[in-house]
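First up is the structure itself, then whatever we jot down about it.
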Amino acid sequence: MAFAQAIVAAYRRHGQSPIESLRLAQITPLKLHQADGRMTAHQMEVLSAAAMQELDDEGLGAFSRKLPWGSYGMLARASLPSPDLGVALKRWCRHHALLTADIGLELTVTGQTASIVLREHTDMGELRELSLAFVLRNVHGLACWYIDSRIPLLAAHFPFAAPPHADAYSFMFPGPLAFGARQAMIEFDARYLALPLRRDEKALRQMLQRALPITVLQYRRDRLLVQQVRQALLAHPRETHSADGVAGLLHLSARTLHRQLKEEGASLQQLKDEVRCERAKDLLYRSNRPLKQVAAASGFTNEKSFLRAFKAWTGNTPAEFRQAQQP
């Protein structure tokens, strides 16, 4: 409920009454002021949307000037033509500076970790916590929406002491939380940056009719699963003969693994075949190992099944493929 109290503070800053938006969200004055009060994700969505429209300020009073209703939709539309998520997020962060100079956002990549860093340039006062949390959840939610995938957070950092309601942050930023940090920041696997955007203008218009869920609620689907399965198959050939073995390495059940791969248009057997084929081709091209050893290294229990599978994959026998690669 501390976030509802911050939205009420935004009304005070604009000199307006929050009574109507609180009524729409079904939040009573008594509940609003309960020290340990809670509201549902739906109530947060209704309250935020009503306040932003009534105040005509998507920044909810945190910045030195209003962000008129539709500002964040404009940022989403400007980034929509991007070829991949990395480009879209760079554009979003750069364009956000056109809305306000009070904060700055930047996408950085260090090794395998991508970060959205938020730097504060002015004092946002009592609305600081709400604003930092809202902006980071907004960009994270939009990133998930762009690629239609859950993007698990490796960490979320906040430059203030853990508030009494710190447990609420685990719903908005599932993953390791760090309070008292030097600056606000979220971190995630950099491989998501290479995924293509899966949305178009029609989808954007539909989303903007009810955009707040991307800020409040989390995605469940993870479209990086295909890449994670490939990596597991490559790194652990002996442990990934069965679906249970693959699922165990990814901390999933075999049933969930099959279901999520199907949602991504893939199957475990298809991915196994692709990885085995590439490994076999590489060994045939780069080494003089006997076919029996190539078969074993490619995950086959016998040479006969390897020969049959390789012919089905490539149209050639392993010996023919190796001969064709010779100068």
Condition first: among the acidic types (Asp, Glu), in a helix (DSSP H, G or I) and in contact (Cβ under 8 Å) with a residue 24 or more places away in the chain. Now tell me which residues in the range 244-285 satisfy that. 263, 273, 274
For the structure I just gave you, tell me whether residue 140 is within 21 Å of the chain's Cα centre (by Cα), part of a helix (DSSP H, G or I) and surrounded by 17 or more Cβ atoms within 10 Å (Cβ to Cβ). yes
Part of a helix (DSSP H, G or I), in contact with a Phe, Trp or Tyr (Cβ under 8 Å, 6 or more places away or on another chain) and crowded, with 18+ Cβ neighbours inside 10 Å - does that describe any residue in the range 100-108? no
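Quick test for you: out of 103, 116, pick the one residue that is in contact with a His (Cβ under 7 Å, 6 or more places away or on another chain), under 28 Å from residue 182 (Cβ atoms) and among the aliphatic types (A, V, I, L, M).
The conditions single out 103.
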Residues (among the aromatic types (Phe, Trp, Tyr), more than 22 Å from the chain's Cα centre (by Cα) and within 18 Å of residue 93 (Cα to Cα)) located in the range 28-76: 63
Given the structure, is residue 47 in contact with a helix residue (DSSP H, G or I) (Cβ under 6 Å, 6 or more places away or on another chain) and not hydroxyl-bearing (Ser, Thr, Tyr)? yes
Considering only residues that are of a type in the set (Asp, Glu) and within 22 Å of residue 135 (Cα to Cα), look in the range 182-203 and name the one that is surrounded by the most Cβ atoms within 10 Å (Cβ to Cβ). 187
Out of 44, 52, I need the residue that is under 28 Å from residue 164 (Cα atoms) and in contact (Cβ under 8 Å) with a residue 60 or more places away in the chain. Which one? 44
Is there a residue being of a type outside the set (A, V, I, L, M), within 12 Å of the chain's Cα centre (by Cα) and part of a helix (DSSP H, G or I) anywhere in the range 118-130? no
Please determine, by comparing only the residues of the range 143-156 that are farther than 15 Å from residue 190 by Cα and out of contact with any Leu (no Cβ under 8 Å at 6 or more places or on another chain), which one is modelled with the lowest pLDDT. 148
Give the residues of the range 82-108 that are aliphatic (A, V, I, L, M), over 15 Å from the mean Cα position of the chain (by Cα) and within 24 Å of residue 155 (Cβ to Cβ), sorted by residue number. 103, 105
Would you confirm, using the coordinates I've provided, whether residue 244 is more than 23 Å from the chain's Cα centre (by Cα), under 22 Å from residue 294 (Cα atoms) and surrounded by fewer than 17 Cβ atoms within 10 Å (Cβ to Cβ)? no
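The values are calculated or read from the model by the stated rules, or taken from the named source; none is laboratory data. Just so it is clear, the model here is predicted, and its values are computed rather than measured. Every residue, glycine as well, gets a Cβ built from its backbone with ideal geometry; the counts of neighbours run over all protein chains shown.
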